[in-house]
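The values are calculated or read from the model by the stated rules, or taken from the named source; none is laboratory data. This one's a predicted model, so the numbers in the text were calculated from it and none came from an experiment. With ideal geometry, Cβ positions are generated from the backbone for all residues, glycine too; neighbour counts draw on all protein chains shown. Areas reflect the complete protein model, heavy atoms only, side chains present, ligands, DNA and RNA absent. Shrake-Rupley method; radii C 1.70, N 1.55, O 1.52, S 1.80 Å.
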Amino acid sequence: MSDLRDLYQQVILDHYRAPRNFGGLKPNSCCAEGYNPLCGDQVKVCVRADGDRIDGIRFDGVGCAISTASASLMTEAVRGLERSEAEALLASFLALMTGDGDNGVPLGKLEVLSGVKDYPVRIKCATLPWHALRAALEGGDTETVTTE
Amino acid sequence: MTARAVAVGNEQRDSAAFEVERLRACFPILERDVHGHRLVYLDNAASAQRPNVVIDAVSDCYRTYYANAHRGVHALSEQSTDAYEAARAKVARFIGAPDSHEVVFTRGTTESLNLVAQSYGRPQLEPGDEVLLTEMEHHSNIVPWQLVCEQTGARVRAAPITDDGELDLDAFAGMLNERTRVVALAHVSNALGTVNDIPAVVELTRARSDAAVVVDGAQAVPHMAVDVAALGCDFYAFSGHKMYGPGGIGVLWGRHELLAAMPPYHGGGAMITRVTFERSGYMAPPQRFEAGTPAIAPAIGLGVAVEFLESTGLDRIERHEQELLSHTMEVLNDLPWVRVPGHASKAGSARAAVVSLVIDGAHPHDVATILDEQGIAIRAGHHCAQPLMDRLGVPATVRASFGLYNTHDEVDSLVSGLHEVRRIFG
Ligand SMILES: Cc1ncc(COP(=O)(O)O)c(C=O)c1O
């Protein structure tokens with residue numbers, strides 16, 4: 001049986017209360033917005049690249065603990081990666097959420113979100129910022145992706 | 001007080017005016033467990049549950065006499081037609097409609113409101129005309145009007161609400177003018193429970209404009225006696241599934257003279273007198289607005305839901321639910337980390353048993369998950385009322401909405417659920 005303690009681990013609550021890389025989006029970056037029409041969660045992700053390397057990433061928005069912590073942990077994990085590495089991490093994270101096996105890219109600290117997959121209606125909360133990241137990496141500029 | 005003493009106290013409260021246990025036994029779903037806990041169903045504003053009599057009526061129709069209505073001369077068709085029309089008559093009596101021909105069966109409130117917007121609004125709205133709504137409307141009483149305004153060049157305006165979540169009647173009156181063609185508002189707000197004073201709205205409207213008054217009664221009909229003649233409005237819309245009836249069926253009541261002057265909404269079978277390729281003649285209301293094969297068994301089930309509400313007694317239902325609401329507000333008042341935005345603090349404000357709350361430091365979506373884990377079904381989100389959420393300055397709320405079968409013990413379960421949220425997020 002699923003257990004709320006697996007879902008709301010301390011790390012998640014900590015990132016929810018004190019999100020990292022939050023707000024203060026830099027002007028010369030690529031941004032995309034994610035929106036979940038079901039619950040109204042909204043997240044904007046901005047990435048700044050130096051050549052192929054992502055040297056800055058921030059997010060902003062209002063969301064639940066799961067989407068906020070997921071966004072916060074994502075910014076920590078993605079900063080400093082090559083684009084292709086970020087894309088592989090993204091694929092790996094989405095696979096973790098949908099239970100679609102393992103593509104071999106280690107998720108590290110992001111594993112704390114693995115409890116979410118036992119709460120199917122909450123998976124979209126966790127994946128929302130990642131969909132926004134993908135749109136931002138693809139050039140974005142405040143297009144809105146939805147989880148529907 | 002010990003938990004046991006509280007439970008005994010609650011039992012007395014529940015049974016004093018109302019035999020809630022006897023009523024609960026009529027709703028088989030209330031016996032189920034969710035995540036190892038007895039279901040506490042507090043999402044009645046989204047959709048209520050059905051009593052056995054309704055489930056049986058629908059199943060009996062399919063098992064013993066179902067056929068298409070208004071189509072055949074054979075025995076089953078006649079029996080189905082009679083039952084379908086009898087349901088219409090029951091609904092008409094239930095809402096005080098002077099004539100059952102004024103009761104149109106639809107798929108629900110949403111379709112009813114779209115029907116009014118397209119068949120009443122569209123032919124007469126002109127550029128510069130106004131449709132006056134309120135800030136507390138459900139999306140289904142906003143979007144149909146936006147669509148018809150895009151088609152006609154008319155514009156949507158929204159009368160403000162106060163911080164207490166009540167319609168600001170002075171401001172509303174100030175927005176009425178000779179260009180106002182339609183006033184459309186909820187009888188009861190699905191997010192706040194606010195009961196709007198429809199007779200006052202009608203009086204103000206009649207004094208200042210020729211507008212039709214369209215009332216979204218989706219959240220009123222399950223909770224209080226409704227008499228459309230006494231309300232004085234022109235159209236009244238509601239859904240079966242929120243009043244312990246089947247899904248897929250709803251009602252539009254309209255004044256006969258208005259319905260009779262309106263063009264059809266959908267075209268098809270059952271709504272025409274004679275069809276040639278040059279032209280078709282339309283039936284009188286309500287058939288004119290019921291193109292195609294209707295939801296026959298659900299309509300029959302709705303008629304039975306109406307009888308169930310009548311025999312239970314809407315005055316008793318209202319009293320019981322009001323007691324649940326006061327109990328809830330009392331305990332929430334003691335929790336400094338819970339806010340109830342848009343809930344009037346002043347006495348005398350009329351509320352249905354719907355409470356929207358926010359908890360410091362915990363997002364409604366997380367609250368819903370934690371409550372669900374304890375078997376408590378509530379709704380978290382914007383409740384299809386995003387303009388209202390914007391007005392209240394919150395992205396979403398947690399909404400507990402009560403029905404006739406809820407108990408004071410369930411109020412206590414909700415509160416202990418909220419304490420669990422606080423324990424995790426505190
Ligand atoms: C106030 C109000 N209006 C309209 C609706 C729409 O009803 P339905 O979805 O049954 O068409 C609802 C419920 O969702 C409601 O609460």
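Magnitude of the charge dipole for the range B:26-79, about its Cα centre and with charges confined to Cβ atoms of Lys, Arg (+1) and Asp, Glu (-1), is about 80 debye. With Cα atoms as the point set, the range B:40-181 shows a radius of gyration and Dmax of 20.3, 60 Å.
Between 0 and 90 degrees, the angle of helix A:65-78 with respect to the longest Cα principal axis of chain A falls at about 50 degrees. With 0.36 nm allotted per residue and the present C-alpha distance subtracted, the B:Asp390-B:Asn52 stretch has 117.7 nm of extension available.
Shown for the protein assembly as shown: the carbon plus sulfur share of the solvent-accessible area, taken with all protein chains present and a 1.4 angstrom probe, equals 50%.
For the range A:7-72, rounded, prolate or oblate, judged on the Cα gyration tensor with a ≥ b ≥ c (square roots of eigenvalues), a/c < 1.5 rounded, else prolate if a/b > b/c? It comes out oblate by the Cα gyration axes.
Extension gain, A:Leu38 to A:Ala91, is 16.7 nm, computed as 0.36 nm per intervening residue step minus the present C-alpha separation.
Only helical DSSP H runs with n ≥ 4 go in: add -39500 (n - 2.57) per run for chain A, normalise by residue count and round the 222 nm mean residue ellipticity to 500 deg cm²/dmol. Please list the in-between numbers first.
Numbers: 5 runs with 57 residues, N = 148.
Taken over chain A, the calculation gives -12000 deg cm²/dmol.
Summed for both chains, how many Å² of accessible area, to the nearest 100, are buried between B and A with a 1.4 Å probe?
For B against A, buried area totals roughly 1500 Å².
Judged by a Cβ-Cβ distance under 4.7 Å, the unpaired cysteines of chain A are A:Cys30, A:Cys39, A:Cys64, A:Cys125.
Per DSSP H run of n ≥ 4, the term is -39500 (n - 2.57); total these for chain B, divide by its residue number, and report the mean residue ellipticity at 222 nm rounded to 500 deg cm²/dmol.
Estimated from H runs of four or more residues: -11500 deg cm²/dmol.
I want the antiparallel fraction of DSSP beta bridges within the protein assembly as shown, as a percent rounded to 5. Looking only at bridges with both residues in the protein assembly as shown, the antiparallel portion is about 65 percent. Between B:His37, B:Ala362, B:Gly245, the Cα set farthest toward the positive side of the dipole of chain B (charges on each charged residue's Cβ, about the Cα centre) is that of B:Gly245. Over the C-alpha atoms of the range A:39-91, the Rg to Rh ratio, Rh being the Kirkwood estimate, stands at 1.01. Oblate is the label for the range B:356-426. Its Cα gyration tensor axes, ordered a ≥ b ≥ c, give a/c of at least 1.5 and b/c at or above a/b.
Cα extents for the range B:173-282 along the principal axes, largest to smallest and rounded to whole angstrom: 49, 40, 22.
Taking the Cα centre of the range B:184-288 as origin and assigning +1 to Lys and Arg Cβ atoms and -1 to Asp and Glu Cβ atoms, the resulting dipole is close to 300 debye.
Remark: the protein assembly as shown carries 41 Å² of accessible area per residue (probe radius 1.4 Å; ligands, DNA and RNA excluded). Relative to the current alpha-carbon distance between B:Ala284 and B:Glu85, full extension at 0.36 nm per residue lengthens the span by 70.1 nm. Give the average over all directions of the projected area of the C-alpha convex hull of the protein assembly as shown, one decimal, in nm². The orientation-averaged projected area of the Cα hull of the protein assembly as shown comes to 30.6 nm². Over all projection directions, the Cα-based convex hull of the range A:2-146 averages an area of 7.8 nm². Figure note: B:Ile272, B:Ile55, B:Ile142, B:Ile95 ranked by solvent-accessible area, largest first, 1.4 Å probe, ligands and nucleic acids not counted: B:Ile55, B:Ile272, B:Ile142, B:Ile95. By the Cα gyration tensor, chain B has an equivalent ellipsoid whose semi-axes, rounded to whole angstrom, run 37, 28, 17 from largest to smallest.
The H on the amide N of B:Ile272, modeled in the peptide plane, is under 5 Å from the matching H of B:Met283, each at least 5 residues off or on a different chain. Going toward the positive end of the dipole of chain A, with +1 on Lys and Arg Cβ and -1 on Asp and Glu Cβ, which of A:Ser92, A:Ala135, A:Asn28 do you reach last? Farthest along the dipole direction, towards plus: A:Asn28. For chain B, the membrane-span-like helices by this rule, meaning whole DSSP H stretches whose C-alpha atoms cover at least 18 Å of axis and whose Kyte-Doolittle mean is -1.0 or above, are B:3-17, B:75-94, B:296-312, B:314-333, B:408-425; this says nothing about an actual membrane.
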